[in-house]
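The values are calculated or read from the model by the stated rules, or taken from the named source; none is laboratory data. If you're wondering where the values come from, they're calculated on a predicted model, not measured in any experiment. All Cβ positions, even for glycine, are placed from backbone atoms using ideal geometry, and neighbour counts span all protein chains on display. What goes into the accessible areas is simple: the full protein's heavy atoms, side chains included, and nothing from ligands, DNA or RNA. Shrake-Rupley method; radii C 1.70, N 1.55, O 1.52, S 1.80 Å.
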Amino acid sequence: MVKAYELRGSTKEDLLKMLGEQRKELSELAVAKVTGGAASKIAKIKSVRKNIARILTVHNQQQKDGLRKAAAGSKYLPKDLRAKKTRAMRRALTKTERAQKTLKQKKKMAAFPTNTKYAVKSA
């Protein structure tokens with residue numbers, strides 16, 4: 001059984017080679033299953049499928065990590081690298097957009113400031 005942490009240290013070529021070996025083994029086991037092979041071979045199919053999934057997962061993670069590094073300094077991130085969040089959150093106004101005032105609001109604030117402090121006579 002292949003461990004994911006062991007795979008993370010290997011290169012892309014090694015991963016693809018291991019993937020080819022595992023797929024070949026899986027096809028051999030499938031043939032053994034059809035031809036009535038040993039029970040141990042049939043039971044091994046599950047672990048080989050899981051190994052293939054682990055290898056593909058690590059390979060995809062490495063590819064995505066490489067894309068992140070390549071797009072690090074660019075103005076726009078590709079859509080699959082952006083934060084998912086929710087549709088509403090992605091469409092919501094940013095802090096700067098929320099803080100902007102219209103010309104009419106600016107004039108009103110200049111004419112009638114809200115931060116005026118009045119002296120209160122004590123009783």
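Couple of notes before you dig in:
- Net charge of Cβ neighbours under 13 Å - reference residue 39; Lys, Arg +1; Asp, Glu -1: +4
- Taking a straight line from the alpha carbon of residue 69, these aspartates and glutamates sit under 15 Å away, with near neighbours fewer than eight places off in the same chain left out: 80.
- Per residue accessible area in Å² of the chain, where ligands, DNA and RNA are left out and the probe is 1.4 Å: 88 Å²
- The packing ranking of peptides 94-103, 20-29, highest mean first, is 20-29, 94-103, where packing means the average number of other beta carbon atoms within 10 angstrom of each residue.
- Listed residues 72, 111, 43, most fluctuating in the chain (Gaussian network, C-alpha, under 10 Å): 111
- Pairs beyond 32 Å (Cα-Cα), from 3/84; 41/79; 79/104: 41/79; 79/104
- Whole-number percent relative contact order across the range 1-113, with pairs defined as alpha carbons under 8 Å at least 6 apart: 26 percent
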